[in-house]
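Read-outs throughout are calculated quantities, based only on the coordinates presented, and are distinct from any laboratory measurement. Computed from a predicted structure; not experimentally measured. As a convention, Cβ positions derive from the backbone with ideal geometry for all residues, glycine included, and neighbour counts pool all protein chains shown.
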Amino acid sequence: MAISVDTVYKTVLLILNKEQRGYITPEEFNKMAAQAQLGIFEKYFEDLNQALRMPENDSEYANRVKTLQEKIQQFEVNNTLTQVLNSGGYDSEIHRLGTLTYTENDRELQQLTQHDYNLINKSKLTKPTLDFPVYIVSSTGTATRINVYPTISNDKINAFYVRKPSDPQWNYVVGSLGEFNSINPQNFQIDDTDQTELILSILMYAGVVIRDQSIVQAAAGQIAQENANQKS
């Protein structure tokens, strides 16, 4: 179930106002909310990696690996990419790339470094073919591209990847008295069990924005305690 962006925003404002710590605008909240959601989303992968190293729990409802996999599962995509091109391109929706498959023969593309590709491409025996296709992921500045060898049309490459959660938005209209009224909100997409940590994370960012170190410290301490409780 999605976390209501309206509930989170009003909760954050309520805590700040109650403590007379200042005010954050909807625009400020939206930026902090997006960053807080992404931080928690990234932690899913770190926590899963750690949980996989621990002894398995047989409990149906307390299996940490299963819980984290379920949190990530809603962001998994298995589809044809529209921007896998030798001329460059990387689907903007991709956050973590899994496997690429050539659908004509169900061959999985092997990922290589540029150095490894240069080596195998020198020999006819090891040169990439449609039976043994490869790809390279490279970055230039902020742009990321996938180069596939040999050339394969986009509609014949299937990709399994994890997408980023969409940014939350507390959209609003200004009322007759100058107040902000919520309209067409974009809710958070991370798991609703993370609502408390989400609010605390936003409060920590809010403390930075309004230059109140006590909020930053209190929120950071509470987040650390929440994380410790989850891992204990």
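What the table shows:
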quantity: From phi via Karplus (6.51, -1.76, 1.60), per-residue ³J(HN,Hα) for region 187-201 in Hz, x at Gly/Pro; calculated: 6, 5, 10, 6, 4, 5, 5, 9, 4, 4, 5, 4, 4, 5, 5
quantity: Computed E for K10/D116 - FRET, C-beta separation, R0 45 angstrom, nearest 0.05; calculated: 0.25
quantity: Pairwise FRET efficiency - N184 versus A2, Cβ, R0 = 22 Å, nearest 0.05; calculated: 0.95
quantity: Cross-link pairs beyond the 23 Å C-alpha cut-off, checked among K10/K43; K10/K66; K66/K164; calculated: K10/K43; K10/K66
quantity: Projected label distance in nm at S176 and R96, using a 7 Å step from Cα toward the beta-carbon; calculated: 5.2
quantity: Phi to ³J(HN,Hα) by Karplus 6.51 cos²θ - 1.76 cosθ + 1.60 over region 144-155, Hz, x for Gly, Pro; calculated: 10, 9, 10, 10, 10, 9, x, 4, 10, 5, 3, 6
